[in-house]
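Worksheet: the structure to be examined is printed underneath.
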């Protein structure tokens, strides 16, 4: 069966510090991978998605970047965190191309920037 | 790009009553509309979805309707129970993409 991991589960970082959040998927090959941010009153905001190694689509201009160094690994990064980067970050995966594909979410990382 | 609006942001109902959550989308080419439920402290999970070639779909106490002309879709929960309390998200998938654009969520509270 497929599983998705995210770490760390929680993170408190000072403003201006770097960030690296990791997401890995097990039990499937060539998944589509997604990074979302969940903030109060803003729902699930799609940040990045990837349909293959090295292929990253950015949805929202911001202080963050994403990379996919391996088929089942997706990393969210920042060189310098802002207060507005605080939130709950969710990674998700799906398989197949086109629409109609259920997305499965990871447990999330709660990031607090102070 | 696609934009999804969701109303209401909060909804309180008595156990046994019905609940309706409404969403509108902007891209007429979007062709897939799932609904996710997120219980407190847990990850979102798919509860029902509908494709653009279907007007209504039911699964036990939940149903989704789609009006393509109005670019509007709704989630209906009948005979609500306390365990239905959660945040519900609608989403739309733009045509020929692998992404979902989510609404802002509805916090449903079912009181016993």
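The conditions are (1) within 27 Å of residue B:5 (Cβ to Cβ); (2) in a loop (DSSP other than H, G, I, E, B), and residue A:89 fails exactly one of them. Which is it?
(2)
Inside the range A:8-21, can you point out the residues that are surrounded by fewer than 13 Cβ atoms within 10 Å (Cβ to Cβ) and part of a strand (DSSP E or B)?
A:10, A:12, A:20
Within the set of pairs 6 or more residues apart or between chains, which connect a residue that is free of Cβ contacts under 8 Å to residues at least 60 places away in the same chain inside the range B:38-62 to a residue that is exposed (fewer than 13 other Cβ atoms within 10 Å of the Cβ) and in a strand (DSSP E or B) with Cβ atoms less than 6 Å apart?
B:48/B:59
Filtering the range A:95-114 down to residues that are within 29 Å of residue B:29 (Cα to Cα) and more than 7 Å from every other protein chain (Cβ to nearest Cβ), which residue is surrounded by the fewest Cβ atoms within 10 Å (Cβ to Cβ)?
Step by step, filter the range A:95-114, then rank; the result is A:96.
Out of the range A:30-70, which residues are out of contact with any strand residue (DSSP E or B) (no Cβ under 8 Å at 6 or more places or on another chain) and closer than 26 Å to residue B:87 by Cβ? Break it down into steps so the answer makes sense when it comes.
Start the filter on the range A:30-70 by keeping residues that are out of contact with any strand residue (DSSP E or B) (no Cβ under 8 Å at 6 or more places or on another chain), which leaves A:40-42, A:61, A:70.
Passing the criteria: A:40, A:41, A:42.
Considering every residue within the range A:12-32, establish whether at least one is without any contact (Cβ under 8 Å) to a residue 12 or more places away in the chain and more than 18 Å from residue B:100 (Cβ to Cβ).
No; the residues of the range A:12-32 include none that is without any contact (Cβ under 8 Å) to a residue 12 or more places away in the chain and more than 18 Å from residue B:100 (Cβ to Cβ).
Going through B:42, B:68 one at a time, which residue ends up being under 22 Å from residue A:88 (Cβ atoms) and surrounded by fewer than 21 Cβ atoms within 10 Å (Cβ to Cβ)?
The match here is B:42.
List the strands (runs of 3 or more DSSP E) inside the range A:22-85, counting only whole elements, that have at least 1 residues being farther than 27 Å from residue B:105 by Cα.
On the way: elements: A:32-39, A:43-52, A:55-58, A:65-70, A:73-78.
Ranges flagged: A:43-52, A:55-58, A:65-70, A:73-78.
Can you name every residue in the range B:29-77 that is within 14 Å of chain A (Cβ to nearest Cβ) and part of a loop (DSSP other than H, G, I, E, B)?
Residues satisfying the conditions are B:29, B:30, B:31, B:39, B:40, B:41, B:42, B:43, B:44, B:52, B:53, B:54.
Go through the range B:88-107 and report how many residues are closer than 14 Å to residue B:37 by Cα and either surrounded by fewer than 21 Cβ atoms within 10 Å (Cβ to Cβ) or more than 14 Å from the chain's Cα centre (by Cα) (or both).
2
Would you mind telling me which numbered condition in (1) under 27 Å from residue B:90 (Cβ atoms); (2) away from every other protein chain (no Cβ under 14 Å) residue A:72 fails?
With respect to (1) under 27 Å from residue B:90 (Cβ atoms); (2) away from every other protein chain (no Cβ under 14 Å), residue A:72 is out only on (1).
Which members of the range A:56-84 meet the condition of being over 14 Å from the mean Cα position of the chain (by Cα) and over 17 Å from residue A:28 (Cα atoms)?
Result: A:61, A:79, A:80, A:81, A:82, A:83, A:84.
Read-outs: derived from the displayed coordinates by stated rules, not from any lab. Just so it is clear, the model here is predicted, and its values are computed rather than measured. So basically every Cβ, Gly included, is an ideal-geometry build from the backbone, and we count neighbours across all protein chains shown.
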